[in-house]
Structures are given as structure tokens and as C-alpha cells.
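The values are calculated or read from the model by the stated rules, or taken from the named source; none is laboratory data. Quick caveat, the model's predicted, so the values are computed rather than measured. All Cβ positions, even for glycine, are placed from backbone atoms using ideal geometry, and neighbour counts span all protein chains on display.
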Amino acid sequence: MGAPRVKPKWRPPLYLIVYAVLLTVMTLPVLTVIWFRAVRAASGAIAPAEIATLAIVLLLTLVVAYVLTRTLTVPINALIARTEEIARGGRAAIRPLDNYGTREVATLSQSFLDLAGKLVDHSDHVRTFAAHVSHELKSPLTSIKGAAELLRDDDEGNPMSLEQRNRFLANIIADAERLDTLLSRLRDLAKAELPSEQGSCSISDVLAQLKKQFRQLVISDDGSGEERLALPGEAAGIVFANLAENACQNGANSFALEASSDGRRMAVRIRDNGRGIADGNRERIFEPFFSTRRENGGTGMGLGIVRAMLASHGGTIELLESGKAGTTFQITLPPAS
């Protein structure tokens, strides 16, 4: 969800307000002196003139004070109050101010709204992610605990058979392996979401790494092996390995990369000939922990890791097409420096 936008309209810049105030303050004494001289030359009675002049000066001072209050003090105080409100109330308090006064305050307010929106989104993401993680870890832990308790409480008078014991031990090992896989995925996701070092690698580097890791796939490119990606080698390995693993899990035996660049962005299309993605799942494939292979050990975190890793390097991923002929993803990255 994007942050609310500050309504665009002309607002005086802060420097204009400051200069106007300074010029007004400098002009007041000059006008006072000129006024007194003119009145004294015209009449010997200056008391009423002094009173009128003081009244005018006071009025102008009040006007200047009002302008400063309206353009600076009120918006800044409102922004401070809104900050405290957001800290207490969360997303509902993220809304534009009624008055910004100057251009600089409006810009500051928009930056603040953007930052507050990102912080609240991140907080929501952390809460949702923690709930998913708790759920994913609870199932294998419960299974391990149940199997261990059954083994511990085995009745010596009526002991379980060797087949039963081996089945419980196999369940414990399988659930422990699932926990290990989940923790490995969580480490990859944490690494993807943290700011990482910048760097680049070539398509040929990625292909060489994939060919060693996925010997069951026929991996190829379109002759763009020398094209460079704005991803360090480790990050590129995580991204393309997860995509290749998904392809394998969906029955693919070919995995092709096609890279192109227009000077501003680098686009890489990844095609496989697997079973494809069902239409009902297309909108959910990037959701954390969504998997159609959970019974076979799928964690549903692969594409989430890919998206997070690409986002940390200024890139995106989208599903272009998927069907019986296979699946095509497109990765878009800034040009490699």
C-alpha cells in the first residue's frame, strides 16, 4: 500500500518567507523615521502622530508574526503531533496535513509519510512473517515431540515392533530435515532482505554455477553469456538456484536464460518446460510459505527469497506466462556498473 500523497499546489519557498520578513523588519525603522520627519515639518504637534505610527508598527509586527506562525510554526507543530499520533496509532494516522505553509515543509511532510508508510509496512510484514514461521515450525516440532514420547513410553510388556519403531524414527528424521530446510531458507531470506554488498557477475558465471548444481537440467542461454548482471555472484547464485529448483520440482528438464538490455535496464527471461503454474495460483506464488508441494517438502519460500534478493539490488521479478509448455519469468535489473 502506497503512502498518501501531498496535494500538489504552489507554496512559497522558505527562503522567500525569510527574505520577506527580514526586508519588512529592516523597512519598519526607515518608515518610522520618514514619518516622524514629515509630521514634524508639517505640524508642531507630534503626539498623535507618534501614537498612530506606533499602532501601524504594532499592526505590521503582528502581521509578520502571523505569517511566520502560519507558514512555519503551525505546520511544523502539526507534523510533530502527527509523528506522535503515528507512533501510537499506526497506519490509520498516516495521512496528509491540512496545511504545509512552505514548499520545504510540504517536501519534508511527504518524505515523512513515505518513511512512515514503509515502516508500518515492514512492521506488518514482520508480524505476518513471524506468524507464518511459527506455524511452519510448529508442525514438525509437534510431530517430533509426539514420536519421541511414543518411543520413550514404549511398554516393555507389550513393546512396539521394529517396523513401528523404524517408522517413528523415520518420521523424526524427516521432520528434522524439514526444520533444517526451513532454517536454511530463513537464512537466505534474511540475507536477501538485509543491505548487501554491490557487485556484478556475468551470465556465463551463473550458467557455470547452475550446471554444477543441477545436472538433471539442460541449461542454456541465447548467446548473451558475456552480459553482466547488477548482482554479486552469491546473490545471483541464490536467485537463479531457487528458480532452477522450482523448475526441477515441476518436472522440467530444460532451463534457458535470455538476456537483453536497452542501456537503462537489463531484462533476463528464464524459461523452463515444466508443468507450469495453475491459473488459480498465479496471484499467490510470491506469497511467503505458499506451496503446492508441501507434502513433498516444499517450503513456499523460494520465490519470496528471489523477490527479496532482487529488491535489495534494485530489481524485480514477474511471471510472464505459464502453461503446459512451461513457465517464463522475467527479471529486471539496473545496468551493471
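When you check I285 against the structure, is it aliphatic (A, V, I, L, M), surrounded by 14 or more Cβ atoms within 10 Å (Cβ to Cβ), within 28 Å of S200 (Cβ to Cβ) and modelled with pLDDT of 85 or more, yes or no?
Details: aliphatic (A, V, I, L, M): yes; surrounded by 14 or more Cβ atoms within 10 Å (Cβ to Cβ): yes; within 28 Å of S200 (Cβ to Cβ): yes; modelled with pLDDT of 85 or more: no.
It is false that I285 is aliphatic (A, V, I, L, M), surrounded by 14 or more Cβ atoms within 10 Å (Cβ to Cβ), within 28 Å of S200 (Cβ to Cβ) and modelled with pLDDT of 85 or more.
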Residues within the range 150-195 that are modelled with pLDDT of 80 or more and either loosely packed, with under 12 Cβ neighbours inside 10 Å or in a helix (DSSP H, G or I) (or both), tallied: 24
Subset of the range 252-279 (residues that are among the acidic types (D, E) and in a loop (DSSP other than H, G, I, E, B)): D262
Checklist (1) modelled with pLDDT of 80 or more; (2) in contact with an Asp or Glu (Cβ under 6 Å, 6 or more places away or on another chain) applied to S204, failing item: (2)
